């Protein structure tokens, strides 16, 4: 079993993308291609990694657009779930992006753990994208819940 004390956070780069791609494929039904991940980094996306002794426990991929931060993906390896990995990644991002105006994301309506995590960090649910995700094997297209956090109004007790 892993403890939070063993986990380290660091910025990722192109050399980390093979491990990121493997986790991406394990976690997401609609995984990004390896080429898409490389293109994202090449175009200025930020990659934040959480590691356990050099093993990838999770990552957060974000993009800055003007004064907005867009969380594109948060993925946590199944063996590290419920151990605070996504919370640590999210808090680190918020700390690093404190000078920005707002953080935006969308999350599957059914992903209650992620919605709870973001709510605990101060995010508000403020919209819905109907039928946003690609259809599953039964043809069901899930909605995306839009969430945001205004950093200018946020307290400083997130560390």
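Summary table below
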read-out: Gain in span if fully extended, residue 125 to residue 67, counting 0.36 nm per residue against the direct Cα distance; value: 18.9 nm
read-out: Förster radius 35 Å - calculated FRET efficiency between residue 28 and residue 101 (Cβ-Cβ, nearest 0.05); value: 0.80
read-out: Residue-averaged [θ]222 nm for the chain, counting only DSSP H segments that reach four residues, each worth -39500 (n - 2.57); value: -7500 deg cm²/dmol
read-out: Pairwise FRET efficiency - residue 11 versus residue 82, Cβ, R0 = 22 Å, nearest 0.05; value: 0.30
read-out: Residues 38, 59 arranged by fewest to most Cβ contacts within 10 Å; value: 38, 59
read-out: Global form of the chain, assessed from the alpha-carbon gyration tensor, a/c cut-off 1.5; value: rounded
read-out: The chain: most fluctuating residue of 80, 132, 118 per GNM, C-alpha cutoff 10 Å; value: 132
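Quick note: the coordinates plus some simple rules give every number you see, no bench work behind them. This one's a predicted model, so the numbers in the text were calculated from it and none came from an experiment. All Cβ positions, glycine included, derive from the backbone under ideal geometry; neighbour counts span all protein chains shown.
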